[in-house]
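Input: a single structure, listed below in structure tokens.
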Amino acid sequence: MLTLTVFGTWHCNLSFTKELPEARATAYPVDIPVLKGLVANPILRITISLPLKNDGLQIQTLRVSLNPSSLKDIQTLDVYQTGAEPFSSNTLLARTKPSSPGFDIPVATTSQSSLFFLWISIVLTPEADINHLIELHCEKIVFHNGEQLRVNEQKGNYTKRCGVVVRKAGDDKVNTYRIPGIVQTDKGTLIAVYDNRYNNSRDLPEDIDIGMSRSIDSGRSWQPMKVIMDMGTPHANNGVGDPAILFDPATKEILVAALWSKGNRSIAGSGPGLAPDSTGQFMLVSSTDDGLTWSAPRSITKQVKRPAWNLFFNGPGMGIAMSDGKLVFAAQYWDENKMPFATIIYSEDHGKTWKGNIAGPKANTTESQVAEISPGMLMLNMRDNRGGYRSIATTKNMGSRWTEHSTSFSALPDPVCMGSLLKATVNVSGSVQEVLFFSNPNTSHDRYNITIKASLDLGQTWLPAHQLLIDERDSFGYSCLTKIDDHTIGILYEGIKDLFFVKVPVSAVLTRK
């Protein structure tokens, strides 16, 4: 029996006059966005099982259809062949520029085994609009002898969102880009920050600076990267990393926090004290002109760290401005026994001075994010090193006392990774409503399935119906959310060494589309 399998959703009711006997084709879509800046976006897989005696059967063409609005965004549509299910770009069979919604792709290949796979991949034009969607179907396969094989579609999402590669490994001679943070300013400018890991993907202590990218067209394109935090030479022993970004709507100032490791003063090598030669430093830089220029780095370690603690620094991602004007960054400390606790710091004077030394709610928690779920009530969403789930706590008095939340270590699966938390006022079914959004790898083990979730009751429940899978692939797992407008949120997230940005309608998260 000949079987052809394609990954994607197919709704074709074609009948063929000369159908290949003992053969089947099935399509399966891959849950990934189509990203501008990548040379391969393999969104549809075709598994082909041929009769044992196929006598060198050759595929001549693939019949493919696209939604008409996607044609101007696509630079090429490529077909690859693999001998196993995972995608590989080693064997390119065809490359074409689609000019109509339905077309044939010439594919000349001779089967070498009874089971092999074809992948259909898309390359976007540099001008492609990331607000657009691409819907792709493979309808049939025609062989050199005129016989045809219908492609059966498995259930799945065949309509793909577009996005953009903000930073790609190798750009500006950087080996790896990691630890995304993003905010939108009052001017609509998107400011993204991240680690420039020059030599490898390792954490501090390493040669790492904080990079910044800026978009003035809602993420469609990004200006050249700027280094906004560089602690000087020797770089290998003077790195700064793990950024978090905050926009103050009152002063219009952008603040970026990061950890400076002078020598080996990150998690493993930092010790008690307050000076850079003994302990890691909680650093800040700022911009007052919408991210065009940035201040020199300054340390606030003496303001926020207890001398007995081994280390104190920010939680990566994004800080917040509270309804009363306080600025808050999530943070973490490693106490005198080297036990980590997630916590917060805050400023009552728009970042001039900071208050810290706040005991965290739960031991063995690290990277966290914070949201104000009601006036004066903060929720801390924490990475828990026990693994399996996120831990959650709330405070009404800026961390003087914490209360474990009812959803703590039960509602949000997590593979011991960073997660993003965002409260945003958005349009839900025609009415304006406050919604709590969360993103992370939606698993209890390993980092894959980057997912956005929404809670319509500000974190009391997280319903399966209110979540959207963004990218199923393995990744480094970190992400950061920001509001774009009342109908749209954006996510900046890690691939493997790269940083990707995708815009998502709020309605898609709430309806799983």
Go ahead and collect, in residue order, the members of the stretch 412-427 whose backbone nitrogen is under 17 Å from a label point 7 Å along the Cα-Cβ direction of His487. 425-427
Let me know the shape class of the chain, please: from the alpha-carbon gyration tensor, a ≥ b ≥ c as square roots of the eigenvalues, rounded when a/c is under 1.5, otherwise prolate if a/b is greater than b/c, or oblate. prolate
Please list, ordered by chain and number, the residues whose modelled amide H lies under 5 Å from the amide H of Asp471; skip anything fewer than 5 residues away on the same chain. Ile450
Using 27 Å as the Cα-Cα cut-off, could you pick out the over-long pairs in Lys155/Lys503; Lys140/Lys453; Lys160/Lys226; Lys168/Lys423? Lys140/Lys453; Lys160/Lys226; Lys168/Lys423
Could you work out the local net charge near Phe409, counting Lys and Arg as +1, Asp and Glu as -1, over the other residues with Cβ closer than 14 Å to its Cβ? +1
Distance (nanometres) between label positions extended 7 Å along Cα→Cβ at Lys252 and Arg401: 4.2 nm
Dividing the alpha-carbon radius of gyration of the stretch 300-438 by 2.2 N^0.38 Å, where N counts its residues, gives 1.03
Along the stretch 26-43, Karplus-curve 3J(HN,Hα) (6.51, -1.76, 1.60; θ = phi - 60°) to the nearest Hz, with x for Gly and Pro, reads 9, 10, 9, x, 9, 7, 9, x, 8, 9, 5, x, 9, 7, 8, 10, x, 9
Among 355-361, 423-429, how do they line up from the highest to the lowest mean number of other beta-carbon atoms within 10 Å? 355-361, 423-429
HN-Hα J couplings of the stretch 474-479 from phi, Karplus 6.51/-1.76/1.60, θ = phi - 60°, integer Hz, Gly and Pro as x? 4, 7, 6, x, 7, 8
Burial-style ranking of 60-69, 323-332, average other-beta-carbon count within 10 Å with highest first, yields 323-332, 60-69
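No value in this document is a laboratory result; all are computed from the given coordinates. Being a predicted model, the structure only gives us computed values, none of them experimental. Positions of Cβ are generated from backbone atoms using ideal geometry, with glycine treated the same way; all protein chains shown enter the neighbour counts.
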